Amino acid sequence: MPLPTPRIFLLGSAALLCFVLAGCGKDEDEARKGTAPATPALTVTTARPATASLPLKLGANGNVAAWQEAVIGSESGGLRLLEVRVNVGDIVRKGDVLAVFSADTVNADVEQARAAVQEAQANAAEAAANAKRGQDLKSSGAVSEQQATQWATAARTAQARVAAAKATLTQQQLRLKYTRVIAPDGGVISARSATVGAVVGVGTELFRLIRQGRLEWRAELPASDIGRVKPGTRVRVKGANGSEVVGKVRTVAPTVDPQTRTTLVYVDLPPSLSSNAPLKAGMFAGGEFELGASNALTVPQQAIAVRDGFSYVFRLNPDSRVSQVKIDTGRRLGERIEVVKGLAPEAQIVVTGAGFLNDGDLVRQVADPARNAPAAPAAPAKVAAR
């Protein structure tokens, strides 16, 4: 059998060498690909939940109303209104004159009643003298017993007429007094229906007065929350312009509305006579009852990611990967938010960059620069001159 030529042998060896080298290169690439470390998706800072004391508050809505609104009416009938001295919004004190009625006819009636008193007094004096004279003559037998009794009766009747005349005079003097409408208490005029020149009857409303300028907030609370509110509880009521007024619970209504199943809570607001007061009668306002404080598990607001209407945090695992954890949030204190449910107190959660992560991402943890910032160097001390 003839031996192969050297050319054919060389070609076979070269092909075998290329196959071996290709196989070795492939194995090396596969090995390099399997052992190469994964790249972190994000550099983050972490923190653990902290326990903080958070205030307990109970929100409610309601109407602002006058503590007491006095209705000031006319006590004299058939008189013409001569002068109106106040208007809506004016601040008055107790005893101030609000309006004046014409007193011409009342003055005439007073003079007539005074004259009637004088006449009755004169008749009473004459009757008393006759009665005394009758008693003297009766002892001497000059007049009969019947005549003396008649004179004594006439004297007593005359005294009664004097008392009646004085009562009429007092009545007319009261009518004269009522021609001046007086403020029964200090406060703010909230309504005015008095018109100059009008002839009004007895009891006609002329003004409305918010007594002492005091207002109250009538908060509506569900029946289930009545037991949480006590008299004296502090309340923050927010006005329409955003300003807050601090008040106190005066009382809780003893009944529940059968239609709405709510109860009114009466909150005393500080008196304010200024026209620029943040709360006015008739406003609808919201407020919060301060019920104390309680300890709660909190996390930084930056650590919470809101997705599809739910709140999540990302827990850092020992393998440097994160797990998305659904939580229920509650109260807020500054930049920290209460976690009601879903998070363990010892969990380590992502703070910076939480909004850019997904479940299972690999992250690189670094120290928080805000926490580990070096202290500012102390200023060099000045050497005293010698």
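Every read-out reported here was derived from the displayed coordinates using simple, explicitly stated rules and does not represent laboratory data. This structure is a prediction, so every number in the text was calculated from the model and none was measured.
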Which value, in nm² and rounded to one decimal, describes the direction-averaged projected area of the C-alpha convex hull of region 103-178?
4.7 nm²
If amide H atoms are modeled at 1.01 Å from N in the peptide plane, then the residues at a separation of 5 or more from Thr262, or on another chain, having amide H under 5 Å from its own are Asp257
Could you please state, rounded to a whole Å, how far the C-alpha centre of region 303-327 is from the C-alpha centre of region 46-64?
23 Å
With every atom except the alpha carbons ignored, what do you get for Rg and Dmax of region 39-116, in angstroms?
33.5, 116
